[in-house]
Amino acid sequence: MERITFNDIQRANETIQTTDIKGKEYAEVNQRIKAFRMVYPEGTIKTELLSNENGICIFKASIIIPLLDDENKLVDTYLLGTGTAYEKENSTFINKTSYIENCETSAVGRALAMCGFGIDTSIASKEEV
């Protein structure tokens, strides 16, 4: 199997369409996921709700890639990166109804950023920007 290089990630990042938020370019999570799938189509994005108490949730996302042998058979997996996020219910308009989903999405975006996807613009969540 061909080894993934920084150039592969950079080429995928060049396809990311950014959004202007408060004068800063931001790579939305859906764009980061698209770039990840271009480089690792068989990779896994695993999310885990770590806590959800008193209107505050914490999510962890893990980016896992397959390790294949020369015949493209799975031999193992590799944890490429992780990200966590914290959201508070009612803290923003979107968090009035969707703070859990927002938290999960933020954790995924941060994990993908730690793996190099969408970092040409920002690692922070859209809300942080």
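The values are calculated or read from the model by the stated rules, or taken from the named source; none is laboratory data. Note that this is a predicted model, so its numbers are computed, not measured. Positions of Cβ are backbone-derived with ideal geometry, glycine not excepted, and every protein chain shown enters the neighbour counts. These area figures cover heavy atoms from the full protein model, side chains too; ligands, DNA and RNA do not enter into them. Shrake-Rupley method; radii C 1.70, N 1.55, O 1.52, S 1.80 Å.
The figures follow:
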{"item": "Residue order for Ile16, Ile33, Ile119 - accessible surface, 1.4 angstrom probe, largest first", "result": "Ile119, Ile33, Ile16"}
{"item": "Lys24-Ser91 pseudo-label distance in nm [points 7 Å out on the Cα-to-Cβ vector]", "result": "1.6 nm"}
{"item": "Qualifying GluC sites (Glu not before Pro) for region 1-91 [loop in DSSP, other Cβ within 10 Å: at most 12]", "result": "Glu2, Glu14, Glu42, Glu71"}
{"item": "Sequence ranges 80-86, 17-23, 111-117, ranked by mean other-Cβ count within 10 angstrom, highest first", "result": "111-117, 80-86, 17-23"}
{"item": "Restricting region 39-99 to trypsin sites (Lys or Arg not before Pro) in coil, as DSSP defines it, with at most 16 other Cβ within 10 Å", "result": "Lys73"}
{"item": "Equivalent ellipsoid semi-axes - Cα gyration tensor, region 37-129, angstrom", "result": "29, 15, 9"}
{"item": "Cβ-based net charge around Gly83, under 9 Å, with every Lys or Arg adding one and every Asp or Glu removing one", "result": "+2"}
{"item": "Shape call, region 6-48: gyration tensor on alpha carbons, a/c limit 1.5", "result": "oblate"}
{"item": "Solvent-accessible area, 1.4 Å probe, carbon plus sulfur percent, for the chain", "result": "48 percent"}
{"item": "Accessible area (Å², 1.4 Å probe, nearest 10) - Arg110", "result": "60 Å²"}
